[in-house]
Number of protein chains: 4
Amino acid sequence: MKVGLIGLGNMGRGVAQNLLNAGHELVVYNRTRAKAEPFQAKGARIAGTPQEAARGAEAVFSILADDPALEAAVFGGEGLLSGLARGAIHISSSTISVALSERLAAEHAQAGQGYVSAPVFGRPEAAEAKQLWVLAAGAKADVERVRPLLEAIGRGLTVLGEKASSANVVKLSGNFLIASMVEALGEAFALAQKSGVEPKTFLEVFQSVFAKSPIFERYASLIAGRQFQPPGFALRLGLKDIGLVLEAAGDAQVPMPLASLVKDHLLGGVAQGHGELDWSALGALAAERAGLEKL
Amino acid sequence: MKVGLIGLGNMGRGVAQNLLNAGHELVVYNRTRAKAEPFQAKGARIAGTPQEAARGAEAVFSILADDPALEAAVFGGEGLLSGLARGAIHISSSTISVALSERLAAEHAQAGQGYVSAPVFGRPEAAEAKQLWVLAAGAKADVERVRPLLEAIGRGLTVLGEKASSANVVKLSGNFLIASMVEALGEAFALAQKSGVEPKTFLEVFQSVFAKSPIFERYASLIAGRQFQPPGFALRLGLKDIGLVLEAAGDAQVPMPLASLVKDHLLGGVAQGHGELDWSALGALAAERAGLEKL
Amino acid sequence: MKVGLIGLGNMGRGVAQNLLNAGHELVVYNRTRAKAEPFQAKGARIAGTPQEAARGAEAVFSILADDPALEAAVFGGEGLLSGLARGAIHISSSTISVALSERLAAEHAQAGQGYVSAPVFGRPEAAEAKQLWVLAAGAKADVERVRPLLEAIGRGLTVLGEKASSANVVKLSGNFLIASMVEALGEAFALAQKSGVEPKTFLEVFQSVFAKSPIFERYASLIAGRQFQPPGFALRLGLKDIGLVLEAAGDAQVPMPLASLVKDHLLGGVAQGHGELDWSALGALAAERAGLEKL
Amino acid sequence: MKVGLIGLGNMGRGVAQNLLNAGHELVVYNRTRAKAEPFQAKGARIAGTPQEAARGAEAVFSILADDPALEAAVFGGEGLLSGLARGAIHISSSTISVALSERLAAEHAQAGQGYVSAPVFGRPEAAEAKQLWVLAAGAKADVERVRPLLEAIGRGLTVLGEKASSANVVKLSGNFLIASMVEALGEAFALAQKSGVEPKTFLEVFQSVFAKSPIFERYASLIAGRQFQPPGFALRLGLKDIGLVLEAAGDAQVPMPLASLVKDHLLGGVAQGHGELDWSALGALAAERAGLEKL
């Protein structure tokens, strides 16, 4: 298929590579052009604007950091929306707000274009190794048309139904579960350590008892080893996501006190200058509050 | 080995059965004698007091609900402490406070007896199926002597060191991790449901993405299916355990706001009359706060 | 002075009356015209649009429920902005977001108009009785020009400086303090009552010890007497305000876990159908969580 | 009256002085005898043990730091209980747990002695200036007999009923209200400051709007001025009290999430080495979390 891809950050790079590996014809756009150049060598074409990346494509992925970045790439004179052909499909894989996802569904529908909301679970390593788990929601026909693309970038796919923003709710809920677990791990490690149990020992028990869940085990290891750099997922992005969770929760009228608490800890982390660490640094903040080692 | 066992509740029954299965000679004591009788048929002897269960045994398990129950069984004229021979070992598998575990270590040492703190991870089904994960802490020689017993009751064993109460800290921390996850799951399900995503669908994604962790998957299923009865682990016991976590955290000077929040939700559940439901009912309380179905 | 006033809700009515009492020439606008008619009898003129209310006025008050209501009244073809003369001043007394206040300051400056942010403290009774406390921030000359108006509607005035949105930050912080106190009162009453101390008795102590602060005493009385209707300040508006607090806190990078917790309780109240009760009903929600009387 | 007084700390000294001023005959006991000596010069007698302070007295005040200190002074061979005559009354003014108050009521009743629970509100300055507010609960006749003493040490008295521990519940609830307010003030000051509003300015508004409540105004001043030393009430004592609140709340089955949150912040303060600062330092901790000045 002729595919566009907008955004060659940590996540986008892995996705682009896997689309190429699967034999698709790829046009990439990245705000900082230098990041796009390695993909030219691999056979992709570089576009100068999101509009150009969309022109002639059957489907265009967007994989950007947040709502403003996606809005900048989609709307306006050089945006994806103005370049995409009628009947072509925007595959939105960024972690964005439920509200923006709903707006995109409406605007693409009005332009006679398809919109598939397809956020992914997995850190950059997983994107590279084709180990992402992909969610997809949107019109059935659209989802089916892009299924080969979605299968090319991950280890599995869950189709959630026709309401595109459902996928965003589920993605945000998943990130909330992870953040809660990281926060809880942080408190547990702090308690263990101040009670005389080595982080390494606690980690071993955790691995034995709770084992087999790669996500949780991974974060427990990062906390036990204080490996907060380089960030697989930056604390400030975690703050953004849990902010989106609470925004969605406000709209749906769902009190989420655990999410609120975790958000305040992420916000504190950013306020204290740790926004660029991996969000497993939540664990280090818990330790600091307990009078253990400072970040 | 000649083994005593005090407490034939949901957990103790499975442990007793597996000790018999492994060929050990067993004397059991239970406050309500009727619960002990089925084990007589299987070859165990019934003791009339904890003291009697301890007399002549090389090791005695205690598997009771809480601190007061264990104190009642250990101290006093008919207690385990007065019956246990010098050199024999008390294996304490109840989920108790760090403070009581430290007291037991001291009192048994003074009496020339051994004390191995050996709390277990797993619900009653796991106890029955020999699928518990066992922690053990205490004097090395003591732990080694009772190792065959600890291996007879679970799928694995982690030895934590010589300070007996370490095992209690780790056990309590583990229960805190589970409670946090259950609470977070509750909030996530409530958000998904109020946003139009069916619990069943959310569960499928959860199973795909976070999968392979039997503990978390089990709780997600219980919440999605609203299966709060019969309780595998009663909400009021969860309240007790998180209370013990916070007690240990207070002593070690570790702020645990997530634990505090979860405790308040458990306390609300008990106050509103749901103490006998499974503690996965935390999920139902989150739903209720969101204006969804009442418990 | 020739004064316009937009918004004749619970608060606006008292303000309008006091401006008339002070001898000012008043033009009023209200979306539902019927609410404006009583003021015609008292000498005010009724405008058909916000634009018309602003035309020819030296200053125009806006006293509306929230950001969208104020945006609807200010922007667009029939909005205040298009009607206000160069040099005339918009006095913004609604409790709005810091972000909207900053936008208004910029837009009015561009149009050569003045903008004074002047939120008020006090419930509807206070507005009627000229007992509001008024904050004011904006260009010094503008604040001085409208000072007689601000003094006509309250018992006192604090001028905060030239940055208009400062007044909004302080107003929102004040509402947060009140909400925290109401929430804390709710928990304290619940504890007292479940411990056998009558709410009436607890209120007496509160009045003796913490007395002399009309705000806190008033809320303690409302909670003790379960007087949640009619609402002086509706729970759903409280939710809006604490939401704005957290928005401002996010922008300023200030973790406010107490505010987050209170917001979740307000959100729960709205989700459970109590949005139109007075926000002192936070106290009733705390009682309900404790297993006391249901709302 | 012949009065004993046990405990000449910050609070006890003011009480002792006011009892002398009112003309009562006083015997004082303090663990560190040096602190008692100044009172000898003023006409009091010094006792060598609590028992001796109680012997011959019609009533004995105890004003100590916490449960263990009071238990040490009351029970045992040299304790108050063994010295107090039948019919004489123990006036317990320490901030202690509900559970200990109930135990004291029972033990004194068994010994044929009276027990009046009489905790006080006010900081050391208030104790000195006879500005405490005194609560009293216990048998009516006992309360009436000691009424002149209770009136001699404060500006007012509330009698709460015959159940002695009611007074402790109310006292603890009051301290919880203060701690919540201090915490909320801390968050509000942090928000104001990071939004460009000077603490001094915020304090002025606070004084105007919320004014006339000496307690809250006092704490707002301490936070605005960062006057955390010397402590009027040490953070570690605040931690103790909110711990007692939560203990009482657990027993009464009242979820108090605001109290839990405040407790965790106090605990963090102690864990980070600030236990001896005034508990208004909660405000400094909120500022620190926001990336403002470190403590």
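Can you find, within the range D:83-103, the residue that is surrounded by the most Cβ atoms within 10 Å (Cβ to Cβ) among those that are charged (D, E, K, R) and either part of a helix (DSSP H, G or I) or assigned by TED's automatic domain parsing to the domain that holds D:Gly243 (or both)?
If we take residues in the range D:83-103 being charged (D, E, K, R) and either part of a helix (DSSP H, G or I) or assigned by TED's automatic domain parsing to the domain that holds D:Gly243 (or both), then D:Arg103 is surrounded by the most Cβ atoms within 10 Å (Cβ to Cβ).
Given (1) touching a residue at least 40 places away in the same chain (Cβ under 8 Å); (2) within 14 Å of another protein chain (Cβ to nearest Cβ); (3) at positive phi, identify the lone condition not met by D:Lys130.
So D:Lys130 meets the others, but not (2).
Go through the range A:209-242 and report how many residues are within 10 Å of chain B (Cβ to nearest Cβ) and either at pLDDT 90 or above or touching a strand residue (DSSP E or B) at 6+ places or on another chain (Cβ under 6 Å) (or both).
Total meeting the criteria: 1.
Taking the condition of being under 14 Å from A:Val98 (Cα atoms) and either more than 7 Å from every other protein chain (Cβ to nearest Cβ) or of a type in the set (A, V, I, L, M, F, W, C) (or both), how many residues in the range A:243-269 meet it?
Residues that pass the stated criteria total 8.
Can you name the residue in the range B:103-127 that is among the charged types (D, E, K, R) and modelled with pLDDT of 95 or more and is also farthest from B:Asp241 (Cα to Cα) among such residues?
Step one: filter the range B:103-127 for residues among the charged types (D, E, K, R), giving B:103, B:107, B:123, B:125.
With the extra rule that they be modelled with pLDDT of 95 or more, the set shrinks to B:103, B:107.
Details: B:Arg103: 18, B:Glu107: 23 Å.
Going through the qualifying residues, I end up with B:Glu107.
Could you tell me which residue of the range B:31-50 is farthest from the chain's Cα centre (by Cα), considering only residues that are of a type outside the set (Lys, Arg) and closer than 26 Å to B:Arg147 by Cβ?
B:Gly43
Test D:Ile46 against the criterion of being over 24 Å from D:Gly138 (Cβ atoms) and either in the same structural domain as D:Val98 (by TED's automatic domain parsing) or basic (Lys, Arg) (or both), and give yes or no. Even if it seems obvious, please write down each step before you answer.
Values: over 24 Å from D:Gly138 (Cβ atoms): yes; either in the same structural domain as D:Val98 (by TED's automatic domain parsing) or basic (Lys, Arg) (or both): yes.
The answer is yes for D:Ile46.
Taking A:Glu204 as the residue in question, decide whether it is surrounded by fewer than 21 Cβ atoms within 10 Å (Cβ to Cβ), at the interface with another protein chain (Cβ under 9 Å from one of its Cβ atoms) and charged (D, E, K, R).
yes
Looking at B:Ala184, B:Ala164, B:Ala188, can you tell me which residue is of a type outside the set (Phe, Trp, Tyr), crowded, with 24+ Cβ neighbours inside 10 Å, within 29 Å of B:Lys240 (Cβ to Cβ) and more than 7 Å from every other protein chain (Cβ to nearest Cβ)?
Working: B:Ala184 fails: more than 7 Å from every other protein chain (Cβ to nearest Cβ); B:Ala188 fails: more than 7 Å from every other protein chain (Cβ to nearest Cβ).
From the options B:Ala184, B:Ala164, B:Ala188, the qualifying one is B:Ala164.
Can you name every residue in the range D:167-181 that is within 14 Å of C:Thr201 (Cβ to Cβ) and either touching a Cys at 6+ places or on another chain (Cβ under 8 Å) or within 8 Å of chain C (Cβ to nearest Cβ) (or both)?
Correct list: D:Val169, D:Val170, D:Ser173, D:Gly174.
Could you tell me whether C:Ala248 is under 30 Å from D:Gly161 (Cβ atoms) and touching a residue at least 12 places away in the same chain (Cβ under 8 Å)?
no
Out of curiosity, is C:Glu25 out of contact with any helix residue (DSSP H, G or I) (no Cβ under 6 Å at 6 or more places or on another chain), at pLDDT 95 or above and within 24 Å of C:Ser165 (Cα to Cα)? Even if it seems obvious, please write down each step before you answer.
Details: out of contact with any helix residue (DSSP H, G or I) (no Cβ under 6 Å at 6 or more places or on another chain): yes; at pLDDT 95 or above: yes; within 24 Å of C:Ser165 (Cα to Cα): no.
When the stated conditions are applied, C:Glu25 does not pass them.
Which of the following residues is in a strand (DSSP E or B), among the aliphatic types (A, V, I, L, M) and either more than 14 Å from every other protein chain (Cβ to nearest Cβ) or touching a Gly at 6+ places or on another chain (Cβ under 9 Å) (or both): C:Val116, C:Val146?
Sole residue among the options that is in a strand (DSSP E or B), among the aliphatic types (A, V, I, L, M) and either more than 14 Å from every other protein chain (Cβ to nearest Cβ) or touching a Gly at 6+ places or on another chain (Cβ under 9 Å) (or both): C:Val116.
May I ask you to verify whether C:Pro38 is in the same structural domain as C:Ile91 (by TED's automatic domain parsing), surrounded by fewer than 16 Cβ atoms within 10 Å (Cβ to Cβ) and not β-branched (Val, Ile, Thr)? If you could, list the steps in order and put the result at the bottom.
On the way: in the same structural domain as C:Ile91 (by TED's automatic domain parsing): yes; surrounded by fewer than 16 Cβ atoms within 10 Å (Cβ to Cβ): yes; not β-branched (Val, Ile, Thr): yes.
Taking the combined requirement at face value, the residue satisfies it.
Can you name the number of the only condition in (1) more than 7 Å from chain D (Cβ to nearest Cβ); (2) crowded, with 19+ Cβ neighbours inside 10 Å that C:Arg155 fails?
The one condition C:Arg155 does not meet is (2).
Could you identify the single residue in C:Val143, C:Val197 that is aliphatic (A, V, I, L, M) and closer than 28 Å to C:Gly23 by Cα?
Answer to the selection: C:Val143.
Among the residues of the range D:222-255, which ones are within 20 Å of D:Ala286 (Cα to Cα) and over 21 Å from the mean Cα position of the chain (by Cα)?
Selection gives D:Ala224, D:Gly225, D:Arg226.
Please indicate, with yes or no, whether at least one residue in the range A:196-210 is assigned by TED's automatic domain parsing to the domain that holds A:Ser93 and of a type in the set (Ser, Thr, Tyr).
No.
Which pairs turn up if I take residues in the range A:91-114 that are touching a residue at least 40 places away in the same chain (Cβ under 8 Å) and look for partners that are β-branched (Val, Ile, Thr) and part of a loop (DSSP other than H, G, I, E, B) with beta carbon separation below 7 Å, at least 6 apart in sequence or on another chain?
The qualifying pairs are A:Ser93/A:Ile63; A:Ser94/A:Ile63.
Answer yes if at least one residue in the range B:57-73 is under 18 Å from B:Ala16 (Cβ atoms), more than 22 Å from the chain's Cα centre (by Cα), without any contact (Cβ under 8 Å) to a residue 60 or more places away in the chain and not assigned by TED's automatic domain parsing to the domain that holds B:Phe233, and no otherwise.
yes
Can you give me the number of residues within the range C:26-72 that are over 17 Å from C:Ser94 (Cα atoms), not in a loop (DSSP other than H, G, I, E, B) and not aliphatic (A, V, I, L, M)?
Of the residues in the range C:26-72, 9 are over 17 Å from C:Ser94 (Cα atoms), not in a loop (DSSP other than H, G, I, E, B) and not aliphatic (A, V, I, L, M).
The values are calculated or read from the model by the stated rules, or taken from the named source; none is laboratory data. This structure is a prediction, so every number in the text was calculated from the model and none was measured. Backbone-built Cβ (ideal geometry, glycine too); neighbour counts: all protein chains shown.
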